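Asks: Please read through the structure below; I'll follow up with questions.
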Amino acid sequence: MKKVYTETGKYLYDISKIILGLAIVTPLIKDESINIYSLWIVFIAFIVGAFLIKIGE
């Protein structure tokens, strides 16, 4: 079960990096402001991913 936690944490960690890239690059291309809610989602996904990786160790 620990391996499942570790792998899920890694996926959430990777997804948070992708969302962060999209949340910053897309508004810059469209000349819009950066949405704070998307940054909160990235922060939460990163924290949950790191927590699951820690549980899996």
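The values are calculated or read from the model by the stated rules, or taken from the named source; none is laboratory data. None of the values given here were measured: they were computed from a predicted structure. Here Cβ is always computed from backbone atoms with ideal geometry, including for glycine, and neighbour counts include all displayed protein chains. Ligands, DNA and RNA are stripped out before the accessible areas are found, and what is left, the full protein with its side chains, is counted by its heavy atoms. Shrake-Rupley method; radii C 1.70, N 1.55, O 1.52, S 1.80 Å.
Asks: Answer with one residue from 15, 48, 27: the one whose Cα lies farthest towards the positive end of the charge dipole of the chain, charges on Cβ with Lys, Arg +1 and Asp, Glu -1.
Replies: Positive-most Cα among the choices belongs to 48.
Asks: For residue 3, give me every one of the lysines with a C-alpha distance below 29 angstrom, ignoring sequence neighbours fewer than eight places off in its own chain.
Replies: Once the sequence-local lysines are set aside, what remains near residue 3 is 17, 54.
Asks: If only Cα atoms are counted, what is the Rg of the chain, and what is its Dmax, in Å?
Replies: In order Rg, Dmax, the Cα atoms of the chain give 13.4, 45 Å.
Asks: For the chain, what relative contact order do you get, as a whole percent, if you take Cα pairs closer than 8 Å and at least 6 residues apart? Walk me through the intermediate numbers first.
Replies: Working: 58 pairs, mean separation 35.3, N = 57.
Taking the mean separation of contacting Cα pairs over the length of the chain, I get 62 percent.
Asks: Can you give the angle from 0 to 90° between the axis of helix 2-30 and the longest principal axis of the chain, with both taken from C-alpha atoms, to the nearest 10?
Replies: Approximately 0 degrees, to the nearest ten.
Asks: Using a simple spin-label model with points 7 Å from Cα along the Cα→Cβ vector, what separation in nm is obtained for residue 37 and residue 7?
Replies: Here the modelled spin labels are 3.3 nm apart.
Asks: Calculate for the chain the 222 nm mean residue ellipticity that helices alone would give, adding -39,500 (n - 2.57) per DSSP H run of length 4 or more and normalising by residue count, nearest 500 deg cm²/dmol. Show your work: numbers first, answer last.
Replies: Working: 2 runs with 50 residues, N = 57.
That calculation yields -31000 deg cm²/dmol at 222 nm.
Asks: For residue 19, what accessible surface area do you get with a 1.4 Å probe? Give it in Å², rounded to 10.
Replies: About 50 Å², rounded to the nearest 10.
Asks: Spelling out what I want: for every residue of segment 43-57, take phi, set θ = phi - 60°, compute 6.51 cos²θ - 1.76 cosθ + 1.60 (Karplus), and round to whole Hz; glycine and proline get x.
Replies: Result, ordered by residue: 4, 5, 5, 5, 5, 5, x, 5, 5, 5, 5, 5, 5, x, 6 Hz.
Asks: Continuing with the same structure: Could you rank the peptides 31-37, 10-16 by their average count of other C-beta atoms within 10 Å per residue, with the highest value first? Let's see the in-between values first.
Replies: Numbers: 31-37: 8.9, 10-16: 15.9.
Sorting 31-37, 10-16 by mean packing, highest first, produces 10-16, 31-37.
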